[in-house]
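Note sheet for the following structure.
The values are calculated or read from the model by the stated rules, or taken from the named source; none is laboratory data. Fair warning: this is a prediction, and the values are worked out from it, not measured in the lab. Cβ placement follows ideal geometry from the backbone for every residue including glycine, while neighbour counts extend to all protein chains displayed.
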Amino acid sequence: MTTFHADANSGQPGFRFAPSPTGTLHIGHAYSALLNQKLARESGGRLLLRIEDTDTTRCRPEFEQAILEDLDWLGIRFDAPPLRQSDHFPTYAKAADMLRGKGLLYPCFASRSQINEAVSGIEASGREWPRDPDGSPHYPGIWRGAAKEEVERRIAAGEPHAWRIDMARAMQGLSESRLAFEEYPDETATQTVTRFRDPSVWGDFIIVRKDSPASFHLAGVIDEALQGITDVVRGQDLAQATGLHRVLQHHLGLKPPRYHHHGLIAGEDGEKLSKSRGSLGLSALREAGHTARDIKARLGFSD
C-alpha cells in the first residue's frame with residue numbers, strides 16, 4: 001500500500017493553486033487562482049497552496065514573497081499553510097525508488113547536445129522522428145538498455161544523470177480503461193466525462209532531473225495525494241501531460257483526481273502569457289493603479 005496520501009480532510013473536496021517562484025504572477029495565474037477559489041467555495045471544498053520550488057537554480061525567495069503578496073492582494077485565502085516542494089524531496093526520492101524497483105526508470109548520462117545530435121542524425125537519414133506535445137523530440141534511447149557495469153561505474157564516479165521512464169515497459173499490459181480519468185469537458189460543465197490521453201506521446205520522459213530530486217511531473221502527482229486534492233484545475237497547456245501523470249499514478253498506487261483544464265489568457269499579441277516573455281505581472285498592474293476588483297472584473301469574477 002502506498003504511503004503517499006493525505007492524512008486528514010480526505011472526505012472533503014480539495015483544490016489547489018501551484019505557482020513556481022521563478023518569477024512573478026501575471027493575470028493568467030490570477031485567472032487560475034481565482035477559478036480554483038470559486039470552485040472550492042461552490043463545492044464546499046478546501047483551497048490549498050503549493051509552492052513548486054524543485055528548480056533549485058531558478059526559484060528565489062523574493063519571487064515566493066511576491067507571489068504571496070499578489071495572492072493576498074487579490075483576496076485569495078487558503079485553508080492551510082502552503083506545501084513547499086523543497087520540504088518533500090525525501091518523499092519524491094521514495095517514489096522514484098518505487099519506480100526503479102519496478103524496473104520502470106533508467107539512468108541517462110546524455111547531454112542535451114548529444115541528444116540533439118542523435119536526433120539530427122536520425123532525421124538526416126530521412127526518417128521522421130516523433131516529438132512530444134511541447135515540440136521536443138523524443139529521447140532516442142541512447143542509454144536505454146546500457147550495460148549494467150558501465151552504468152554502475154558512472155554512478156559510482158558521481159557523474160550527473162537523469163532518470164527516464166521506460167515508457168514501453170511502463171505501458172505493458174495497460175489498457176486505455178486502466179489509465180482513464182474523469183475530466184470536465186469545458187468551463188461550464190457540471191458533469192465529468194471519461195477520457196484517456198496517450199502517455200506514449202511523451203516518449204521516455206525525464207522523471208528525476210540531473211539537478212533536482214524530482215521533475216515537475218513526479219512531484220506534482222505525489223503532491224496531489226499528499227494534499228488530498230480531488231480536483232486539479234489548471235491551464236489547457238497541461239492537458240496532454242495528464243496521460244503521463246496517469247502512468248505515474250498507476251504505478252505508484254495513487255487514485256487520480258478529477259481534472260479541469262481551463263482556457264489560457266492571451267496577451268495583446270494573441271500569444272500565451274509567460275514569465276519568460278516578460279508578460280505584464282500583477283505587481284506592475286497594481287503599481288499602475290489597477291485594483292484587485294479591476295483584475296477580477298477583467299477576468300470575469302466578482303468580489
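Which numbered condition in (1) assigned to a loop (DSSP other than H, G, I, E, B); (2) closer than 30 Å to ILE51 by Cβ is the only one that VAL232 fails?
(1)
Residue under question is SER215, and the condition is that it be among the polar types (S, T, N, Q) and closer than 24 Å to PHE89 by Cβ; does it hold?
yes
Give just the number: which of (1) farther than 20 Å from LEU252 by Cα; (2) outside any helix (DSSP H, G or I); (3) in contact with a helix residue (DSSP H, G or I) (Cβ under 9 Å, 6 or more places away or on another chain) does GLY135 not satisfy?
(3)
Only one residue in GLU182, GLU159 is surrounded by fewer than 16 Cβ atoms within 10 Å (Cβ to Cβ) and touching a Ser or Thr at 6+ places or on another chain (Cβ under 7 Å), so which one is that?
GLU182
Filter the range 188-215 down to the residues that are surrounded by fewer than 22 Cβ atoms within 10 Å (Cβ to Cβ), assigned to a helix (DSSP H, G or I) and out of contact with any Asp or Glu (no Cβ under 7 Å at 6 or more places or on another chain) and list them by number.
SER200, the sole residue that qualifies.
If we keep just the residues of the range 167-200 that are among the aliphatic types (A, V, I, L, M) and within 27 Å of LEU39 (Cβ to Cβ), which is modelled with the lowest pLDDT?
Restricting to residues being among the aliphatic types (A, V, I, L, M) and within 27 Å of LEU39 (Cβ to Cβ), the top hit is ALA189.
Being surrounded by 11 or more Cβ atoms within 10 Å (Cβ to Cβ), outside any loop (DSSP other than H, G, I, E, B) and either under 24 Å from the mean Cα position of the chain (by Cα) or β-branched (Val, Ile, Thr) (or both) is true for just one of ARG154, ARG169. Which residue is that?
So the residue among ARG154, ARG169 that is surrounded by 11 or more Cβ atoms within 10 Å (Cβ to Cβ), outside any loop (DSSP other than H, G, I, E, B) and either under 24 Å from the mean Cα position of the chain (by Cα) or β-branched (Val, Ile, Thr) (or both) is ARG169.
Please find, within the range 84-109, the residue that is farthest from LEU252 (Cα to Cα) out of those that are surrounded by fewer than 18 Cβ atoms within 10 Å (Cβ to Cβ) and among the hydrophobic types (A, V, I, L, M, F, W, C).
The residue in question is PHE109.
I'd like the full set of residues that are in contact with a strand residue (DSSP E or B) (Cβ under 6 Å, 6 or more places away or on another chain) and farther than 21 Å from GLN240 by Cα, limited to the range 130-143.
Listed by number, the list holds a single entry, TRP143.
Only one residue in GLU117, GLU123 is part of a helix (DSSP H, G or I), farther than 26 Å from ASP198 by Cα and either charged (D, E, K, R) or within 28 Å of the chain's Cα centre (by Cα) (or both). Which one?
From the options GLU117, GLU123, the qualifying one is GLU117.
So, of the residues in the range 19-66 that are touching a Leu at 6+ places or on another chain (Cβ under 8 Å) and either assigned to a loop (DSSP other than H, G, I, E, B) or acidic (Asp, Glu) (or both), which turns out to be farthest from THR230 (Cα to Cα)?
THR24
Mind telling me which of the residues ARG127, ARG112, ARG131 ends up being over 22 Å from ASP211 (Cβ atoms) and either exposed (fewer than 13 other Cβ atoms within 10 Å of the Cβ) or among the polar types (S, T, N, Q) (or both)?
ARG127
Under 9 Å between Cβ atoms, at least 6 apart or on separate chains: pull out the pairs that start in the range 101-116 with a residue that is over 13 Å from PRO160 (Cβ atoms) and in contact (Cβ under 8 Å) with a residue 12 or more places away in the chain and end on any residue that is among the hydroxyl-bearing types (Ser, Thr, Tyr) and assigned to a loop (DSSP other than H, G, I, E, B).
Here the result reads ILE115/TYR139, each pair linking the range 101-116 to a residue that is among the hydroxyl-bearing types (Ser, Thr, Tyr) and assigned to a loop (DSSP other than H, G, I, E, B).
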